[in-house]
Amino acid sequence: MARVLDQEEENLQAALAYAGRGIPVLPLHHPVVRPPVATGARAPVACSCGNPACRSIGKHPLAERGLEAATTDPGRLTWWWRRFPLANVGLGTGVAFDVLDVDSSQAANSLRWFTVAYVAKGRGPLARTGGDGWHFYLAPTGLGNLHPRGLGRMAWRGRGGYVVAPPSRHASGAVYTWVRDLDTPLPEAPLPLRDRLRPAAPLPRRARPGPAVSPYGQDVLERWLAEVASAPRGERNCTLYRAGLRLYSLVAGGLLDREQVEEGLMVAAEASRLALEEPAQTRKTLALAERVGSALPAGAPRQRGEPVLHAAGRASRAAGEDWAVSERHPAHPSFTPAGERERHG
Ligand SMILES: [Zn+2]
């Protein structure tokens, strides 16, 4: 019982503390654990809204006015949480901050490079959601609620939005927690991310149609960047070279944008710390990969089966097996990934 009382008080105190920072706070529904139907069965989790089919357990506003009920008034907040002590704590976005909501439980490695390199680099406030995701708090952009282009399973919460904040409870039973709390200065939203939040329609910057929008190219790009970002020590330089080779050949084939590849590789190499620990080698590897890859234009596979990846290389082993670029760098036999001092294997 003491624990429950603690949590009741904790939610109210958190709500008041957020409001004290000028953040509009709103009460949200919360998960309710029902007694299991049979002994040994898992206790079903429901939403305090009472709708057995609720698809947003513990995440939607408790007040009828929804988001409009968000307030910084301590009196109002105390009133709400005295009535609904277990209410989850929602924070209005677009005022004191915007939030990049990353559903990392489902997001594959393809997104990790992005969050690690672009966002965590700013080391702003960061919350772990109870659902195994991440909330990156960033300086307000004036934008609304959006989905960054090309980044599945990420959502932008800006004006007119809200997020579930610590110490709220998730339907999983886990509690939202701060990795770095709001005392941490808010970083600006990184430019590449802001680019992806802008409407895609007119692109005066580049008259060339096509390259950056090839879904095949984007898919290969994200997968390779994820490989680079997560490559273990001893394989980082080699992985970077293979990625560069593949991606620059797609640039040469018109399926990817050169700037995007350059930037992505650099950021991914930073994420693996290779670019930080061995900057000279990283630049050398990238330059070589660009030179060799650019001389070997590649297109999208016709149907099944990739085309030959390198002019002098073997055919790829199977459809979609972009990872399987030959280990021996056939396109440039003299290359040895010796840049990394650590031992292979
Ligand atoms: Zn509900």
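Taken together, the values in this text are just the output of simple stated rules run on the coordinates, not laboratory data. None of these values were measured; they are calculated from a predicted model. Glycine also receives a Cβ, built like all others from the backbone with ideal geometry; neighbour counts cover every protein chain displayed.
Annotations
- Cut-off under 5 Å, modelled amide H: who pairs with Leu143 long-range: Arg159
- Contact order relative to length of segment 2-193, as percent, for alpha carbon pairs under 8 angstrom and 6 or more apart: 24 percent
- The trypsin sites (Lys or Arg not before Pro) found in segment 39-101 that occupy coil by DSSP, while having at most 11 further C-beta atoms within 10 Å, are Arg42, Arg55, Arg65.
- A DSSP coil position with no more than 16 other Cβ atoms inside 10 Å describes the following trypsin sites (Lys or Arg not before Pro) in segment 216-286: Arg233, Arg273.
- Note that segment 295-301 has calculated 3J(HN,Hα) couplings of 7, 10, x, 10, x, 6, x Hz, one per residue in order, obtained from phi through the Karplus relation 6.51 cos²θ - 1.76 cosθ + 1.60 (θ = phi - 60°); glycine and proline are x.
- The simple Förster model, with R0 at 30 Å and r as the Cβ-Cβ distance, assigns Asp219 and Ala139 a FRET efficiency of 0.45.
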